[in-house]
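Here the structure is laid out as structure tokens; the discussion comes afterwards.
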Amino acid sequence: MRCTRSTKKLLTFIFGVLFVVIYCEFIIYYVVIMQCSWPDIKTPYNESQLLKAFIFADPHLLGPRKGHWLDKWRREWQMHQAFQSIILLHRPEAIFVLGDLFDEGEFSTDRQFAGYVARFHELFQVPADTQMHVVAGNHDIGMHDYISRHSDQRFKKYFNTTSVQFMTIKDNHFVLINSMAMNGDSCDLCTQARNHILKVAGIFKCAQDAKFCYDGIKKIEFSKPILMQHFPLYRKSDAVCTDPDAPPLPERNYEFIPRYHSLSKEGTDFLVTRVKPKVVFGGHTHHGCLQHHVYEKPEHFEFEEYSVPSFSWRNRPNPKFMLVSITPNDYAVHKCELPKETTIVITGIIMLFVVIWLTKQRKLIGR
């Protein structure tokens, strides 16, 4: 039995709308993300030492107190689709999450926090051969003055972290820091972090000069480490930031409060003069920034610091992530776009109009 004209119209419309939904909720992520690629290392390197790292920050998964359930569902769906598209298209070997995994981690009960962690791993599933490393953010365990021993230990337990993590992946060294432990006072958290940083600094001094080695010290091949944390290093404001995704004016000129918006000057100097990084990555501000640092003491060294924009559409209309190619002596960074909220909406509207127009065409629907 031949379909009637109205049935053909209805089927055309239904399949058209279905395609619009599939495109805007699935395909568009691949279309945008595939436009970014791994950056090339300019200096010669050993292929076995090349590490491809995917870095993102501030997903801020909503908790039980804030946000409408629909907003929560929508943002988590977007981040899940974006993350899985990145994994499928770019196949990173290591993933670094720079804090504020959760929006209400410091306020959560143990049961709520366990649910939070389960949601995080469900949304950001990684292949078995891919490493994922996280640092704590202030929304995960609280600002320095409000961190309880329990919230700190809880985060460490679930994510197998410490306040200072030192790791080597494919001969590339990384130092991951709990920014709230850089307050510089005599609390247990800060004291332990300070001592651990001094220990890590000793490992690098030993790697450079055997006279600094002692029995039991960890032996490594020397190369400058990559420093990762939640807070940016000390800066007076974001006025130094000129990236297109830097904070808008006048927000860019608002003066930072040390230990709240960034590390303190003292904490920054202690950290970078001991670790002497080749590059620094941080989050927290939700905006992009590239800052060049120069130190003359104890000897001259300089490095770049990247602030990674938020990965969540709740924090900015155009979330970003970074693909970083790393070797022991060099690195290269590509900052990558995710679909803009306006792009998704406008694309959906235009495609719906096209579907309606096609539905009305007599050549398509027959007589």
What number goes with the only condition from (1) buried (at least 21 other Cβ atoms within 10 Å of the Cβ); (2) of a type in the set (A, V, I, L, M); (3) part of a loop (DSSP other than H, G, I, E, B) that Ile326 does not pass?
(3)
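Does region 298-305 include one or more residues that are in a strand (DSSP E or B), touching a strand residue (DSSP E or B) at 6+ places or on another chain (Cβ under 9 Å) and free of Cβ contacts under 8 Å to residues at least 24 places away in the same chain? Outline the logic, then answer.
Initially, region 298-305 is screened for residues in a strand (DSSP E or B), giving 301-305.
If we keep only those that are touching a strand residue (DSSP E or B) at 6+ places or on another chain (Cβ under 9 Å) too, we end up with 301-305.
Restricting the remaining residues to those that are free of Cβ contacts under 8 Å to residues at least 24 places away in the same chain gives 302.
Yes, region 298-305 contains at least one residue that is in a strand (DSSP E or B), touching a strand residue (DSSP E or B) at 6+ places or on another chain (Cβ under 9 Å) and free of Cβ contacts under 8 Å to residues at least 24 places away in the same chain.
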Just for region 306-323: of the residues that are within 25 Å of Leu50 (Cβ to Cβ) and either outside any strand (DSSP E or B) or without any contact (Cβ under 8 Å) to a residue 60 or more places away in the chain (or both), which one is farthest from the chain's Cα centre (by Cα)?
Tyr306
Within region 229-244, is there a residue that is surrounded by fewer than 15 Cβ atoms within 10 Å (Cβ to Cβ) and farther than 25 Å from Asn178 by Cβ?
yes
Give me the pairs: first residue in region 330-344 and within 18 Å of Pro92 (Cβ to Cβ) and in contact (Cβ under 8 Å) with a residue 60 or more places away in the chain, second residue among the hydroxyl-bearing types (Ser, Thr, Tyr) and not in a loop (DSSP other than H, G, I, E, B), beta-carbon distance under 7 Å, and six or more apart or on different chains, which are they?
Tyr331/Ser325; Ala332/Ser325; Val333/Tyr306
Contact list please: Cβ distance under 6 Å, first residue in region 157-168 and of a type in the set (S, T, N, Q), second residue surrounded by 18 or more Cβ atoms within 10 Å (Cβ to Cβ), pairs at least six apart or on different chains.
Ser163/Asn178; Ser163/Ala181; Ser163/Ala193; Gln165/Leu176
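Among residues belonging to region 329-339 that are outside any loop (DSSP other than H, G, I, E, B) and in contact with a helix residue (DSSP H, G or I) (Cβ under 8 Å, 6 or more places away or on another chain), point out the one that is nearest to Phe303 (Cα to Cα).
Cys336
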Being surrounded by 15 or more Cβ atoms within 10 Å (Cβ to Cβ) and charged (D, E, K, R), is that true of even one residue in region 245-254?
yes
Assess whether His287 counts as being assigned to a loop (DSSP other than H, G, I, E, B), under 16 Å from Val175 (Cα atoms) and not charged (D, E, K, R).
no
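Quick one: which residue in Ala128, Ala118, Ala114 is over 20 Å from Ile177 (Cα atoms) and within 19 Å of the chain's Cα centre (by Cα)?
When all the criteria are applied, what remains is Ala118.
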By residue number, the members of region 183-204 that are at pLDDT 95 or above and either of a type in the set (Gly, Ala, Ser) or within 21 Å of Pro328 (Cα to Cα) (or both) are Ala193, Ile197, Lys199, Val200, Ala201, Gly202, Ile203, Phe204
Show the residue pairs meeting these rules: Cβ distance below 7 Å; 6+ apart or different chains; first residue within region 176-201 and under 23 Å from Ile95 (Cα atoms); second residue charged (D, E, K, R).
Ile197/Arg274
Residue check, Asp238 out of contact with any Asp or Glu (no Cβ under 9 Å at 6 or more places or on another chain) and of a type outside the set (A, V, I, L, M, F, W, C):
no
Scan the helices (runs of 4 or more DSSP H) fully inside region 36-142 and keep the ones with 1 or more residues being surrounded by fewer than 14 Cβ atoms within 10 Å (Cβ to Cβ) and among the acidic types (Asp, Glu).
69-90, 110-123
In region 257-281, how many are among the hydroxyl-bearing types (Ser, Thr, Tyr) and either surrounded by fewer than 18 Cβ atoms within 10 Å (Cβ to Cβ) or at positive phi (or both)?
2
Give all pairs with beta carbons closer than 7 Å in which a residue from region 92-103 that is closer than 15 Å to Asp58 by Cβ and β-branched (Val, Ile, Thr) meets a residue that is modelled with pLDDT under 95 and not in a loop (DSSP other than H, G, I, E, B); count only pairs at least 6 apart in sequence or on separate chains.
none
Within region 340-367, restricting to residues that are out of contact with any helix residue (DSSP H, G or I) (no Cβ under 7 Å at 6 or more places or on another chain) and part of a loop (DSSP other than H, G, I, E, B), the one that is modelled with the highest pLDDT is Lys340
Which of the following residues is modelled with pLDDT under 95, over 30 Å from Lys66 (Cα atoms) and of a type in the set (S, T, N, Q): Thr268, Thr242, Thr273, Thr327?
Thr242
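The values are calculated or read from the model by the stated rules, or taken from the named source; none is laboratory data. Treat the numbers as computed from the prediction; the structure is a model and nothing was measured. Using ideal geometry, Cβ is built from the backbone for each residue, glycine included, and neighbour counts are taken over all protein chains shown.
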